[in-house]
1. Only one of (1) within 17 Å of the chain's Cα centre (by Cα); (2) of a type in the set (Gly, Ala, Ser); (3) more than 23 Å from residue 233 (Cβ to Cβ) fails for residue 178. Which number is that?
2. Mind checking which residues of the stretch 525-534 are in contact (Cβ under 8 Å) with a residue 12 or more places away in the chain and either in contact with a Cys (Cβ under 7 Å, 6 or more places away or on another chain) or among the charged types (D, E, K, R) (or both)?
3. Just for helices (runs of 4 or more DSSP H) wholly inside the stretch 120-205: which have at least 2 residues that are farther than 24 Å from residue 323 by Cα and modelled with pLDDT of 80 or more?
4. Taking the stated definitions as given, is residue 289 of a type in the set (Val, Ile, Thr), out of contact with any helix residue (DSSP H, G or I) (no Cβ under 8 Å at 6 or more places or on another chain), assigned to a helix (DSSP H, G or I) and closer than 28 Å to residue 237 by Cα?
5. Give me a count of the residues in the stretch 452-479 that are assigned to a strand (DSSP E or B) and among the hydroxyl-bearing types (Ser, Thr, Tyr).
6. List the pairs whose first member sits in the stretch 296-307 and is among the acidic types (Asp, Glu), whose second member is open to solvent by 50 Å² or more (accessible area, probe 1.4 Å), and whose Cβ atoms are under 6 Å apart, counting only residues at least 6 apart or on separate chains?
7. Those residues that are at pLDDT 80 or above and either within 60 Å of the chain's Cα centre (by Cα) or within 13 Å of residue 5 (Cβ to Cβ) (or both), I need them from the stretch 31-40; list them, please.
8. Looking at 439, 392 in this structure, which one is among the β-branched types (Val, Ile, Thr), at pLDDT 80 or above and not in a loop (DSSP other than H, G, I, E, B)?
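The values are calculated or read from the model by the stated rules, or taken from the named source; none is laboratory data. Keep in mind that this is a model prediction, so the values were computed, not measured. Please note: Cβ atoms are built from the backbone with ideal geometry, for glycine as well, and neighbour counts cover all protein chains shown. Surface accessibility is based on the protein's heavy atoms, side chains included, excluding ligands, DNA and RNA. Shrake-Rupley method; radii C 1.70, N 1.55, O 1.52, S 1.80 Å.
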Amino acid sequence: AAAALPAGWQSAVDPTTGKSYYYNVETSETSWEPPAASADPGGGPPSPVAVDELTSARARAMELQRKLETAAKEIAVLKGENDGLKSSAQARAAEIAELEAKLERAAKEIAALREEKDRSKEDGTDTKVAEIAAVADVDDDIASTASVSAAAPVVATEEQLEALRMAVLQVDADKVTSFLDSGIPMDEETTEAAFWAVVNEVDRAERADEPLSADVPQMLHHIYDADLEHLLTREQIRTNLTCMQPTQSGLTQQGMAYIFDDSAAKDLPLSEGRRCEDGQCCDACSRNIFPTFASDAESSLETFPELTSLTFNALTDVSAKTILQFVRLIERVRRTMAHEYGLPLKTILPLQAYSRKYVAGTTQQGGGGGEGDFVTLHTDEATHSGYHYSCVLYLSTKGKGFEGGDFVFNDPEPKKDSKDEGAKAGATSAEDDDDDDNVDDEDDDDGEWELSGESLADQIRKAGRKLTPYEPQRGAAVIFSSGWENMHEVEKITSGTRYAVPCFFTTCPVPEIAYDQMKVGKPKSNEDIADDWLHLLLAHREESPVESMGRVKELLMKWHYMCAPLSEH
């Protein structure tokens, strides 16, 4: 019998020569001579341990090979994306360079023509004026084209968009910034993914008891920018108004009545102008309704249950996702106000913001902040002189969970035409001819009060006023200037519970000394901003009422520095 071959060797017949040869299945080694016998004194097959080790080594080698192949593919994809970005950037740079060259040539032509014009004036002629004007128009057109071209968004490839989404999910702020700087925007789906990626990163850092990454605030800044861009594409119902303020200043008798007697609010003498005490308001006033200010997902009380009742003073037991979403909504309001009224973003800060429930059958306490079923007629700036711009964001819909509770703008009734006044006066004079008829008319008027279906108080409240109601819809926001041009009230909730987020903003600047007196002043780096986010909003620590009050005061003063990038500080 033929001798047993060592492990891994097999024999075969060469079809050409007919001779037997030997080959090793593991090393691919071949030989015409039989391989030497195994050095194993027993001459038997390899041990099970050796077989297992060999099998494990093969598996590791195959896994390593697979990883190498995957890495090579990823490198190729990234290289393609990088080449695409470079190509796009180079194309834009070339286009801008060409436009700048045209501008430079046009500027030189204009300068030359103007020199010629000056010489013509000295000669008593002015033959080149029209030509200069024409060239100047061309110059303006080129500049306009350059501006539009620079602002035009890049048409991103699917690969670029997917790479942006991957950077978002990884909370890689630098990479996201590079995409945005190249003109590739975050769509609404990517923006929402970015928000939840930030939530996950904040939760992870808290579980690991780690400092908050500087990537977190940078990503939030990108989210806030994208939120405003998306909002500006949605419906907005604007009513421009003449700003109004009280005719009298100080606490006159009439002013005191306005404060202590709600029914006197509508009778306060007003004149045109913006009070905006100690603030930096613009001269424009308006009221705006945004029917889809927030999406259903963003205003979901199932996803964000603590939004039913939230204040910055009590965040210990509030989830990070709800805190981040609440801040996101308030910052969206702030940026919308800055855009609507043409204000520098850094000049407008939240003075008060909270989410609250308003319950049928309860009595209002503490102005608009209580859980009452109505809010009486008032002006926000009269309630607090620092309230310069106001918003109510709704988290529930009339007819779904509550009835009543309309938000109502209450304005003086427009003055009637003088002809109508004359006709009314003539009719009154005719009626005065018969005293008995006058008595009967008064009796009839009393009957009309009773038959109208409204109480006498309601009819008095509406007399001489124009009421503009808005039925609350989840996700809608009413944003308006806080002066006397926007007196408003909330009608009684007849059943159920209404949820809303009132927030009020000021343009009063924070004194620099206030920052100097803080333990940690204005942030100077993204790491500082991340520390402020953790310390002022996301620490989830127990604190006394005094500590809470101090933290919220610092939060509101630092709001812009936390919610805007360093370049906008």
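1. The failed condition is (1).
2. Correct list: 527, 531, 532.
3. Answer list for the stretch 120-205: 158-169, 173-181.
4. It is false that residue 289 is of a type in the set (Val, Ile, Thr), out of contact with any helix residue (DSSP H, G or I) (no Cβ under 8 Å at 6 or more places or on another chain), assigned to a helix (DSSP H, G or I) and closer than 28 Å to residue 237 by Cα.
5. Qualifying residue count for the region: 2.
6. Matching pairs, first to second residue: none at all.
7. 31, 33, 34, 35
8. Result of the check over 439, 392: 392.
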